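The values are calculated or read from the model by the stated rules, or taken from the named source; none is laboratory data. Fair warning: this is a prediction, and the values are worked out from it, not measured in the lab. When we count neighbours, we look across all protein chains shown, and the Cβ atoms used for this are built from the backbone with ideal geometry, even at glycine.
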Amino acid sequence: MRLTPTLKAAAAVAVLLAATACGSSGTGSSASTGLNPPDLKAQSKLGKTEGQVNLVAWAGYVEDGSNDPEVDWVGDFEKQTGCQVNSKVAASSDEMVKLMKTGQYDAVSASGDASLRLIASGDAAPVNTALVPNYKNVFSGLKKGAWNSVKGQMYGIPHGRGANLLMYNTQKVAPAPTSWSAVFDDAPANKGHVTAYDSPIYIADAALYLKSARPELKIKDPYALDQKQFDAAVDLLKKQNANVGEYWSDYLKEISAFKSGDSVVGTTWQVIANLAAGEGAKVKAVVPEEGSTGWSDTWMVSAEAKHPNCAYKWMDWIISPKVNAQVAEYFGEAPANSEACRYTSDKSFCDTFHATDEGYWKNIAFWNTPIEQCLDGRTDVKCVPYAKWVQAWTEIKG
């Protein structure tokens, strides 16, 4: 694999706190339940472009050549559409939500721990996918997901996807782990050298493990936890804390920790595994037998967008085959457009990131926003909302 583009992307996103907190439970076939957003209408047709578009995005998603003269997919967009791109990089999903509430931005590359908040509050408008020609080539597993749609109505255009994997040092962790028990129940074997993702959404990783480790809890969806289920996940993470050497959010630091041996087992992304191996670390990353959590970012249009036509033009552009291939390779994720793999500079890129393997993604529970109305369809209990996940995460870390 050619590592140079991704190494540049790594430098660009070194400050990210929650670079891609996304998704839902399962794949795109299950739209979110229990959510009744404001009755907003999707745009019915495209009008004259407004001359500019204001975007909120993760670092590496809106590149105009200012970070690297060789990385620019904004310039051609501006020439072809007449829409000047103004972008602001957000360091977290919480920051994205706050920025979108100002009404100053037209679109956002929302992650799953932000998307339902934007939908429920009426800050994000339904999207008319017929106005986005390239949407027809988006992988089916990314359409009408629990993180980007409600009752069959899309609220955004999928951008890309990735899985949260179990990475381990092949020389120091034996036998090779096949279960998340390696970072939970069996974590004491590597006390002080376990690493975990530093975000409240990581509680879902514990819930995913408990789904099979403790079937009596009856967890169906790691983002739909009643109080008993939530307490069990929090307790597990508090126990794990005693074995964690470092929580990571900056993936350059995780690479360094695995190279030095400070970390020998923990959660990771495919791009991190590739970069770490490329820099000499003896690591391997797998989807454990329980499956994994993951992300799928979605471009969403503000309900108060002042430049909606340029926003729609941008959404179609960013998932067009050649551009989507550029973004995916630069950032380190599987592209959303099924035609993008023809245009990656590294011809093995899509195989490495499982871009076309829908069977692979069926084992990935994409990040979603926990809300009181249980996303698994239960109506006889209330689920623990994301605000309480944030509070619990502070307690977990001590």
Being of a type in the set (A, V, I, L, M) and in a strand (DSSP E or B) is the filter here; which residues of the range 72-91 pass it?
VAL85, VAL89
How many of the residues making up the range 175-223 are at pLDDT below 95 and out of contact with any strand residue (DSSP E or B) (no Cβ under 7 Å at 6 or more places or on another chain)?
3
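Okay, residues lined up against (1) more than 21 Å from VAL173 (Cβ to Cβ); (2) small (Gly, Ala, Ser); (3) outside any strand (DSSP E or B):
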{"position": "ALA196", "(1), (2), (3)": "no, yes, no"}
{"position": "ASP205", "(1), (2), (3)": "no, no, yes"}
{"position": "LEU208", "(1), (2), (3)": "no, no, yes"}
{"position": "GLU216", "(1), (2), (3)": "yes, no, yes"}
{"position": "LYS220", "(1), (2), (3)": "yes, no, yes"}
{"position": "ALA224", "(1), (2), (3)": "yes, yes, yes"}
{"position": "PHE230", "(1), (2), (3)": "yes, no, yes"}
{"position": "LYS238", "(1), (2), (3)": "yes, no, yes"}
{"position": "GLY245", "(1), (2), (3)": "no, yes, no"}
Evaluate the range 122-144: report whether one residue or more is among the charged types (D, E, K, R) and within 19 Å of the chain's Cα centre (by Cα).
yes
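Table: residues versus (1) surrounded by 15 or more Cβ atoms within 10 Å (Cβ to Cβ); (2) small (Gly, Ala, Ser); (3) over 15 Å from TRP314 (Cβ atoms).
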site	(1), (2), (3)
VAL56	yes, no, no
LYS79	no, no, no
LYS98	no, no, yes
LYS101	yes, no, yes
GLY112	yes, yes, yes
ALA120	yes, yes, yes
VAL138	yes, no, yes
Please find, among ALA189, ALA176, the residue that is over 19 Å from the mean Cα position of the chain (by Cα) and not in a loop (DSSP other than H, G, I, E, B).
ALA189
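Listed here are the residues, each with its yes/no results for (1) at pLDDT 95 or above; (2) closer than 16 Å to TRP295 by Cβ.
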{"position": "THR20", "(1), (2)": "no, yes"}
{"position": "SER30", "(1), (2)": "no, no"}
{"position": "LEU40", "(1), (2)": "yes, no"}
{"position": "CYS83", "(1), (2)": "yes, no"}
{"position": "SER92", "(1), (2)": "no, yes"}
{"position": "GLY103", "(1), (2)": "yes, no"}
Scan the range 92-139 residue by residue and report those that are among the β-branched types (Val, Ile, Thr), assigned to a loop (DSSP other than H, G, I, E, B) and under 22 Å from GLY60 (Cβ atoms).
VAL132
Identify, by number, the condition in (1) within 26 Å of VAL287 (Cα to Cα); (2) of a type in the set (Gly, Ala, Ser); (3) at pLDDT below 95; (4) not in a helix (DSSP H, G or I) that GLY377 doesn't meet.
(1)
In the range 361-382, how many residues are in contact with a strand residue (DSSP E or B) (Cβ under 8 Å, 6 or more places away or on another chain) and of a type outside the set (S, T, N, Q)?
6
